[in-house]
């Protein structure tokens, strides 16, 4: 299926000489997308023994093997997959890019954040742009077209598609299969790869079973403030170990955290972040899964807008010592822009906290989302006061 990232990356190579660094969780479609961007790509996978041997011998060995000096190969797309596992990958890419940047389109893909392997200065600075690939979303299922408009017109998603997205998650293969037995096997295999292979490859952590137990505990705390001491007590480790392990799970795109926004907020809470899963389908409790579903969509929009160069965006939540709270705040160029409160039930009244923070921060848009298949041909972003909106309508106007 065509992804919105296909068009974003084609736009990248149309307008830039820099390499495209494409990162994201396992099975999200990085390799499929990068190989399908242009016809007849040169695909080099560090996990392949032959390619690993070529890379170890240096740039000339690679150039000779793929006949990169042949004029008939000029302009092709070269994809380096998982090259960050190579001990000297930055030095290799720096030399290769400086030699071939005018003759080839170059993509680098990886299932862990590529910057986890950086130490000291970034020797590749100015030679690449980052692109973070997310699972499928409501807006992407409706249209994969790339547009410079931050907010899209309202569009309807079919009820069955929204239900499948909620229950099978946004990873392309289980979503397209739409089969519970396949999903269960796919899920188990992916979790095994993350906790048995990926963690071992990128760290010296020995407590892999305990990190798996931490992930299980996080499942029951999605959308809540992280209590490092409480998690440490359950697993019989130090709070610093919990912090380190959560950071590792973030680098592997298994979890993400959202921090509180404190500027211009009296008596705000500044410390603990909230935690969420990249794959909302893993969450058992419906209310937590609904909130995570929205959080994932908002993070995707923020990452996409940043990576596409539309501005500087951030995702936060609001909470003060008087227990007033709003689930999400999107900040645009360091100015509060969109407030989002998630309600699983169709509450008829607007949350008092949403009214309070909307007035305090003078945001352009304040939404209270409820989970319903209702759809109306209305642009919810045309409203400048706090408003109740069906979740599918709101999400259809993002990315």
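We did not get these values from a lab; they are worked out from the coordinates using the rules stated. Only a predicted model underlies this, so the values are computations on that prediction, with no experimental measurement involved. Virtual Cβ from ideal backbone geometry, glycine too; neighbours counted across all protein chains shown.
Test of understanding: in a Gaussian network model of the chain with alpha carbons linked when under 10 Å, which of 346, 292, 306 would top the mean-square fluctuation ranking?
Result for the chain, Cα springs under 10 Å: 346 fluctuates most.
Pulled fully out, how much extra length does the chain show between residue 63 and residue 262, if you take 0.36 nm times their separation in residues and subtract their Cα-Cα distance?
This chain segment gains 66.4 nm when fully extended.
Once the Cα atoms of helix 352-361 and of the chain are each reduced to a long axis, what angle between those two axes, in degrees from 0 to 90 to the nearest 10, is obtained?
Approximately 60 degrees, to the nearest 10.
Calculated from DSSP H runs of 4 or more alone, at -39500 (n - 2.57) each and per residue, what is the 222 nm mean residue ellipticity of the chain, nearest 500?
Helices in the chain give a 222 nm mean residue ellipticity of -11500 deg cm²/dmol.
Once the Cα gyration tensor of the chain is found, what semi-axes does its equivalent ellipsoid get, as square roots of 5 times the eigenvalues, in whole Å, sorted largest first?
In descending order, the three semi-axes are 37, 25, 21 Å.
Starting from the Kirkwood Rh over alpha-carbon pairs, what translational D in µm² s⁻¹ does segment 234-347 have by Stokes-Einstein at 20 °C and 1.002 mPa s?
Translational D for this selection: 139 µm²/s.
How much of the DSSP beta bridge set in segment 264-399 is antiparallel, as a percent to the nearest 5?
Of all bridge pairs located within segment 264-399, approximately 55 percent are antiparallel.
Based on DSSP, what percent of beta bridges with both residues in segment 138-396 are antiparallel, to the nearest 5?
Of those bridges, close to 60 percent are antiparallel.
Compute the acute angle (0 to 90°) between the alpha-carbon long axis of helix 208-219 and the principal axis of greatest extent of the alpha-carbon atoms of the chain; round to the nearest 10°.
30
Can you work out the FRET efficiency for the pair residue 213 and residue 40, with r the C-beta to C-beta distance and R0 = 30 Å, to the nearest 0.05?
After rounding to 0.05, the efficiency reads 0.05.
Tell me the angle of helix 89-100 to the major Cα principal axis of the chain, expressed in degrees between 0 and 90 and rounded to the nearest ten.
The angle comes out near 70 degrees.
Grab the beta carbon distance between residue 227 and residue 378, set R0 = 35 Å, and tell me the FRET efficiency rounded to 0.05.
Calculated value: 0.30.
May I ask you to derive the FRET efficiency for residue 15 and residue 144 from their Cβ-Cβ distance with R0 = 22 Å, giving the value to the nearest 0.05?
Step by step, r from the Cβ atoms, then E = 0.70.
Taking N as the number of residues in segment 184-251, what value does Rg over Cα atoms divided by 2.2 N^0.38 Å take?
It is 1.11.
Along the Cα-to-Cβ line of residue 87, 7 Å from the Cα, sits a label point; which residues in segment 176-213 have backbone N less than 17 Å from it?
Under 17 Å, as judged by backbone N against the label point of residue 87, lie 201-204 of segment 176-213.
Suppose each label sits 7 Å from its Cα in the direction of the beta carbon; what would the residue 322-residue 356 distance come out to in nanometres?
Calculated label separation equals 0.5 nm.
Could you tell me the convex hull volume per residue, in Å³, taken over the Cα atoms of segment 1-132?
105
Relative contact order for the chain using alpha-carbon pairs under 8 Å, separation at least 6, rounded to a whole percent?
15
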